[in-house]
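Only the coordinates and a few stated rules stand behind these numbers; no lab work does. Because the structure is a prediction, the values reported are computed rather than measured. FYI the Cβ positions are ideal-geometry reconstructions off the backbone, even for glycines, and counts take in every protein chain you see.
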């Protein structure tokens, strides 16, 4: 009497799993949108770049004895208006930042936003100028950057 095969062999199951893995690896990137995460990371990087650029501006202002209530320093060929040694506003600090490509960003006195975000007003960094007693403050427009 001949035995009748019931079920699948181990090799058949492994082949099916490999085929499904290949399909998942090629199809998954088409369904996953990582652009929001990328924009959030860019804005976090812009925040760090603002702080770094402002530290450079402050160092130049201190060296030029321009750390008073108002002043002007030249950084990288750009003339930057200062308040207590730091950039006066977002427009001034952006002069020494390399925002590239510049079309991706909207620069204003209040800060920098990502122009290509679905909700640009919720995807940015606000800049609060220094006072005589406090350093400048960099705050995300939305703490979770949900508009990115």
Item checked: Ranked list, fewest to most other Cβ atoms within 10 Å of each Cβ, for 97, 56 -> 56, 97
Next item on the list: Using a Förster distance of 22 angstrom, determine the FRET efficiency expected from the C-beta separation of residue 146 and residue 126, and round it to 0.05.
Entry: 0.90
Item checked: Residue order, fewest to most beta carbons within 10 Å, for 86, 140, 31 -> 31, 140, 86
Notebook entry, point to check: By how many degrees, 0 to 90 and rounded to 10, does the Cα axis of helix 35-63 deviate from the longest principal axis of the chain?
Noted result: 20 degrees
Check: Listing 2, 30, 44 from the residue with the fewest other Cβ atoms within 10 Å to the one with the most, what is the order?
Finding: 2, 30, 44
Next item on the list: Along Cα→Cβ, 7 Å out, is where each label goes; now give me the distance between the ones at residue 28 and residue 55 in nm to one decimal.
Entry: 3.7 nm
Checklist line | Separation of alpha-carbon centers, the range 60-96 and the range 3-40, rounded to whole Å | finding: 56 Å
Note to self: Which order do the peptides 123-132, 76-85 come out in when sorted by mean C-beta neighbours inside 10 angstrom, highest first?
What the structure shows: 123-132, 76-85
Next item on the list: Report the dimensions of the chain along its three principal axes from the alpha-carbon atoms, largest first, rounded to Å.
Entry: 103, 28, 28
Notebook entry, point to check: How many percent of all Cα-Cα pairs in the range 95-138 sit more than 16 Å apart?
Noted result: 43 percent
Item checked: Estimated FRET transfer efficiency when R0 is 41 angstrom, pair residue 72-residue 41 (beta carbons, to 0.05) -> 0.80
Next item on the list: Take the eigenvalues of the Cα gyration tensor for the range 62-104, scale each by 5, and report the square roots as semi-axes in whole Å, largest first.
Entry: 22, 11, 6
Check: So how tilted is helix 10-31 from the main axis of the chain? Cα-based, degrees 0 to 90, rounded to 10.
Finding: 30 degrees
